[in-house]
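Here's the structure we're looking at; comments come further down.
Where a number appears in this text, it was derived from the coordinates with a stated rule and is not lab data. Treat the numbers as computed from the prediction; the structure is a model and nothing was measured. Here the Cβ positions follow ideal geometry from the backbone for every residue, glycine too, while neighbour counts run over all protein chains shown.
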Amino acid sequence: MARTADRLVPARVPDIGFEPTSYAVADAMLKLARVKPSDVVYDLGSGDGRIVNLAAQVYGARGVGVELQPYLVDISRRAARESGVSGRVRFIEGDLFKADISRATVVALYLWPSVNSALEAKLKRELRPGTRIVSHSFDFSDWIPQETIQTADGTNVFLWTVPRRPRHKPDIEFVATPQAVVYQMFELARVTADDVVYDLGSGDGRIPVLAAQRYGARAVGIELDPTLVDTSRQIARDNDLDGKVVFHEADLFSADISAATVVTLYLSAPVNARLERKLKRELPAGARIVSHAFPIGTWAPEKTIHADDGTPLFLWTVPPRP
């Protein structure tokens, strides 16, 4: 760390300038995160240390502040001593992108949207499932908050909980099927209110939800990623489809699909090929299978059309068993 005549210089230019969180908003953040004495609260970009010190002083928690600017670290440590909580908190002079945050049970943020977006992968990768993340004013571009409040001064505060990780790495990354293509898949499969539509690798749940909304069908989504399952269930609740649509956190290769009359797929050619035997073995005769973009192994489709976006849609009907 370089020295000037009267102060220490940060190791690099800070991502944002220091703007303190008001004590009222800081307390609202800690309340929203349901901080308790057993928690370890990390504040990334901790400024003058008030969130960490407040967590220790009012809620009995332990705390760690990560701050790039040395003078703010000094202020934070002095404030901790004056508040009598220096034994429960510590302040690290460091880069929030490089800090070890694995011990946190709560993470507090007051950064810029661009910084939050840059941090998202680190938070999901390094924090343990169940860790709460609370942010002053700014959310993440792709991560839907589970709760949002507005404080008395009009400040938005967002809460997320780090989800459980999938039991194993998903076979493919989730890519949403455009809604117009979903409707074309339904038309190709001749979906009606009498059907039970299973979507294997259901992602954000749009295919089961749209099957129930558009046709009144019952629908089941099979998805390995707990985050996507939670998102799907919330969307179903928001659309008053509880009981009509069900989402199972499961591996599509081991899920029971025997109740399906329609199966929808948007996977990959190798995954479809691995599924071929299961589909033929477990589905009842007459069940229809429609796949977006990819064929199913060596199984010749009954019909192929092109969706509005140019991608192929394939249809099969399970034949009677000998």
Determine the alpha carbon to alpha carbon distance for each of Lys31/Lys169; Lys169/Lys244; Lys98/Lys169; Lys36/Lys122 and list only those over 27 Å.
Lys31/Lys169; Lys169/Lys244
Rank these for me by crowding, Glu302, Glu19, going from fewest to most other beta carbons within 10 Å.
Glu19, Glu302
Dipole magnitude of segment 202-322 about its Cα centre, charges +1 at Lys/Arg Cβ and -1 at Asp/Glu Cβ only, in debye to the nearest 20?
580
In the list (1) 20.7; (2) 22.5; (3) 19.7, the entry giving Kirkwood radius over Cα pairs in Å computed from the coordinates is (2)
Taking 116-123, 80-87 and ranking on average Cβ neighbours within 10 Å, highest first, one gets 116-123, 80-87
To the nearest 10 degrees, how steep is helix 269-282 against the longest Cα principal axis of the chain, on a 0 to 90 scale?
60
For the chain, set up a GNM with springs between Cα atoms under 10 Å and report which of Pro37, Pro226, Pro166 has the largest fluctuation.
Pro37
In whole Hz, the Karplus estimates of ³J(HN,Hα) for segment 290-305 (6.51, -1.76, 1.60; θ = phi - 60°; x where Gly or Pro) are 10, 10, 8, 5, 10, x, 10, x, 9, 7, 5, x, 6, 8, 9, 10
Would you work out which of Trp143, Pro270, Tyr183 lies farthest towards the positive end of the dipole of the chain, given +1 charges on the beta-carbon of Lys and Arg and -1 on that of Asp and Glu, about the Cα centre?
Pro270
Near Pro166, within a Cβ-to-Cβ distance under 13 Å, what is the net charge of the other residues, with Lys and Arg +1 and Asp and Glu -1?
-2
Mind checking the angle between helix 70-83 and the chain's longest principal axis? C-alpha axes, 0 to 90 degrees, to the nearest 10.
80
Comparing Arg165, Arg281, Arg128 in a Gaussian network model of the chain (Cα, 10 Å), the one with the largest mean-square fluctuation is Arg281
Provide the per-residue ³J(HN,Hα) series for segment 218-231, in order, calculated from phi with Karplus coefficients 6.51, -1.76, 1.60 and θ = phi - 60°, each as a whole number of Hz, with x at glycine and proline positions.
7, 8, 9, x, 10, 9, 7, 7, x, 4, 5, 5, 4, 4
Counting only C-alpha contacts under 8 Å and six or more residues apart, can you give the relative contact order of segment 117-236 as a whole percent?
20
Alpha carbon centroid spacing (whole Å) that separates segment 249-304 from segment 32-70:
50
Return the single residue from Ala255, Ala236, Ala212 with maximal mean-square fluctuation; model: Gaussian network over the chain, springs between Cα atoms under 10 Å.
Ala255
Determine ³J(HN,Hα), in whole Hz, for all residues of segment 175-188 in sequence, where each value follows from phi through the Karplus function 6.51 cos²θ - 1.76 cosθ + 1.60 and θ = phi - 60°; x replaces Gly and Pro.
10, 5, 7, x, 4, 4, 5, 4, 4, 5, 5, 4, 5, 5
With an 8 Å Cα cut-off and a minimum separation of 6 or more residues, compute the relative contact order for segment 23-161 in percent.
23
